[in-house]
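To start, the structure itself, in structure tokens.
What follows draws every value from the coordinates through simple rules; no lab data is involved. All of these numbers come straight from a predicted model, not from anything done at the bench. Positions of Cβ are backbone-derived with ideal geometry, glycine not excepted, and every protein chain shown enters the neighbour counts.
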Amino acid sequence: MTQKTNKRQDFIVELLEKRGNLAISQIIEEIAKNADKISKMTAHRDLDGLIKLGLVRREGKGRAAFYRNTEHSRLIKQIPVDEYFKNELEKRGTLDKFNFSIFDFLKNIFTEDEKKLLEFLDKEYRNNIKQLSPTIIRKETERLIIEFSWKSSQIEGNTYTLLETEALIKDRQEAEGRKKEEAIMILSHKKALDFIFKNKSEFKTVSIKKIEHIHSIITEGLGIPKNIRKSLVGITGTEYKPLDNEWQIKEALEKTCGLINREKDFFIKSIIASAMIAYIQPFEDGNKRTARILSNAILLAADACPLSYRNANETEYKKAILLFFEQNNISYFKKLFLEQYEFAVKNYFRA
């Protein structure tokens, strides 16, 4: 579950997920069936620990007290991804509508060990970049922009290779046999990245206006409407249906911006932006692209290393997004974020 839970606590969380509300006597009984017998004092200690972590809550008093999982438990619990996606759509138990209560528990995303890893990598990046000349920084920035533009476009179905993307961005040389729209998509990524690199201080806070501006750049020339959508959009491969009311979409965006702006940890800000813009789907198209750019803008505003996603598997990325849509579970998306941040620090802006 997390770095701070033991096997019994993991079992308790899974038990409450399946059974709902349980009294402590029932929990002790179920633990005894699957492991060693434990005392009531030990069970209380395990439950108190889960309550402190925000995974379980106690309701009622005395003998009438019972325990249930919190929604935060849904957010961070580990889900066997391959097993989950072997199930047919109808058997996944999908949350098929936007869940406004997600704003109440979208916090404490990273474990203490994960925070330490991110802090270590961030320190490494800052030490590395101090040693580089402006020329090297400019070249490394160009390389990251090329690789991000290629991979982010590939995630959206673009067929350009990395070498073709480099030729397009550096020399404006379009690849033979590719659609014109593919070249436009890649060049729009470059424009959006150029914009956030030049205006990084603007993204110390976020707003709907800033999100809309990023979207207008990333979708320029592709015939995608610029404004917040007013009708339903469908998402391939899931039963999740985003909001279809313009005012509710704006409300969700405002809540997301408020959540990001109140958060102090820029890594949490970045991952919330990336997951929530995709979840809300505020535009007719270009939502995940906008989410990835905004996520990087937040990292740049904190002088942290942006992500290129160069070695991300696009299928696994889509699974991580769908898991967040369908279960409000961020564990797999978080794993991808951590891997990509480590990859970025180890592969860019090094002496």
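Couple of notes before you dig in:
- Backbone N atoms of segment 152-189 closer than 17 Å to the 7 Å Cα→Cβ label point of Arg138 belong to residues 170-171.
- Contour excess over end-to-end distance, with Cα ends at Asp303 and Lys33 and 0.36 nm allotted per residue: 92.0 nm
- Value of [θ]222 nm, deg cm²/dmol, for the chain, DSSP H segments ≥ 4, -39500 (n - 2.57) each, nearest 500: -19000 deg cm²/dmol
- Note on the chain: GNM, Cα springs under 10 Å; of Ala65, Ala278, Ala297, the largest mean-square fluctuation is that of Ala65.
- Sites excluded, trypsin sites (Lys or Arg not before Pro) in DSSP loops with at most 10 other C-beta within 10 Å, longest stretch of the chain: 62-171
- Separation in nanometres of the label points that stand 7 Å from Cα toward Cβ, at Glu220 and Lys61: 6.4 nm
- One decimal place: the segment Phe100-Glu176 gains 22.7 nm when fully extended, by the rule 0.36 nm per residue minus the C-alpha distance.
- Shape of segment 168-272, Cα gyration tensor, a/c cut at 1.5: oblate
- Within segment 232-256: backbone nitrogen closer than 12 Å to the Ile208 label point (7 Å, Cα to C-beta): 246-256
- Compared with the dominant principal axis of the Cα atoms in the chain, helix 40-52 is inclined by about 30°.
- Among the GluC sites (Glu not before Pro) in segment 1-109, those located in a DSSP loop and surrounded by at most 14 other Cβ atoms within 10 Å of their own Cβ are Glu88.
- Shape of the chain, Cα gyration tensor, a/c cut at 1.5: prolate
- Remark: relative contact order (the chain) = 21 percent; criterion is Cα-Cα distance under 8 angstrom and separation of 6 or more residues.
- Seen against the Cα atoms of the chain and their longest principal axis, helix 112-130 is set at about 20 degrees.
- Three-way shape call for segment 7-69 based on the alpha-carbon gyration tensor, with the a/c threshold at 1.5: rounded
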